[in-house]
1. Can you tell me the relative contact order of chain A? Whole percent, Cα pairs under 8 Å, sequence separation 6 or more.
2. Once you list every other residue whose beta carbon is under 15 Å from the beta carbon of residue B:127, what net charge do they have if Lys and Arg are +1 and Asp and Glu are -1?
3. Report, to the nearest 10°, how far helix A:53-65 tilts away from the longest principal axis of the Cα atoms in chain A, using its own Cα long axis and a range of 0 to 90°.
4. List the relative contact order of the range B:60-179 as a percent without decimals, with contacts defined as Cα pairs under 8 Å and 6+ residues apart.
5. So what is the 222 nm mean residue ellipticity for the protein assembly as shown from helices alone, if each DSSP H run of at least 4 adds -39500 (n - 2.57) and you divide by all residues, rounding to the nearest 500 deg cm²/dmol?
6. Could you sort out which of A:19/B:166; A:111/B:173; A:73/B:167 sit more than 22 Å apart by Cα distance in this structure?
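Readers should treat all values here as calculations from the given coordinates under stated rules, not as data from a laboratory. Values in this document were obtained by computation on a predicted structure and should not be read as measured data. A quick note on method: Cβ atoms are made from the backbone with ideal geometry, for glycine too, and the neighbour counts reach across all protein chains shown.
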Amino acid sequence: MSLHNDLLEQAFHLVNREKRRPKQASLRRAVSTAYYALFHLLVDDACKLVLSGTSLVDFGPRIARAFTHTDMKQASRAFVFAKDSPKVPHEIGLILKAVPNPSKDLVTVAKAFVDLQEARHEADYNLGIRYTPHDALASVESAKTAFEAWRRVRSTPLARAYLLSLMLWGKWVRG
Amino acid sequence: MAAGDFLLSLRTAARLLSPSVSTEGTRLDADHLTGVLRRATIWLTPSSVDGFEPHDLHKDFPELSDEDREQLIRDVAEFRRVAEQVPGDQPASKDQVEAALAPFLRILSLMQPYMEQFQVNNALRRGRFPSTVRDFAVKVGEDSTGEKAVWVWVIVSDELDDEDFKKGIVEIKQGVEDALRRAGIDLYPYVRFRTMAEQKELESSPVG
């Protein structure tokens, strides 16, 4: 099984680990793991977009390390709102103009990415909030829903543009 | 609820200023607002701070520091003092406007996040949600990447089993987005969930 699928499975395991009195550590790790499951799913497909065969094996890990969380979140927000704005790089603006209504599935994935990244940040760093089982379960379910939506949309031109923007957003924005 | 009345009074006063001055979104530009406040004086009335309860500040605005709470009490008292001197049948004088301007701007600035939260809460209460949704908790702030956002904790019924809860997540999240969009609120919503029992437990136990 791939890393992203294993991570999603692990997130479900963690959220269901202690049914009666779940530990904060389990719930926080479940949320964080759900985010990384989606992160690796998208990074994996983005690498496959530019590499194949032995090149993917040789250079995939290096390419994967070039992704930055913040840029990926900004790119995802652009696809959620699906509108041109001064913050949206010219290249993405053109894509969004050409396809004014991104499919519901792609928006589901982009939204889940934005939401899960924020949830991951809170789960890993904000000790001022207390996680509840339903909160953690909602995050893990959101990752699962995003996986399903991605499977349906991944081969479309707009999904490929989304992957490219996840990879190149920083370059496009900062020039 | 005193805090709600107070925020409603402030919002009404802010709305009276000018359609271009919005305390409801992310726009509360101080320079612009100062200019508008100087031109129109309809805000200079004691009713602009109706509902203010100094004794409930800890409960109503727990995020404010002690210094901010003391400043708020001083500013509301000063604003009221000036506003009560304005004759009902005449516009405020230039001196009265100048005397009330600084405290009123500080009040608006301190209360802005609460006014936004108040507006989000109102929008959610007008929204369409499944009957399992019992309440909301709202917080406006900046997310981890510095973007302005709103966190909405949806409090659901204790009777909801895990399967029904999972089925309802998408619908509830969509309901939150629709409610905010209908109210013209341009804040990115992060939707979180709790049951009534979980909320009760959180309120009665320390963070950890």
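1. Computed over chain A, the figure is 34 percent.
2. +3
3. For A:53-65 against chain A, the angle is about 70 degrees.
4. Numbers: 92 pairs, mean separation 24.1, N = 120.
Computed value for the range B:60-179: 20 percent relative contact order.
5. Value at 222 nm, helices only: -21500 deg cm²/dmol.
6. The answer is A:73/B:167.
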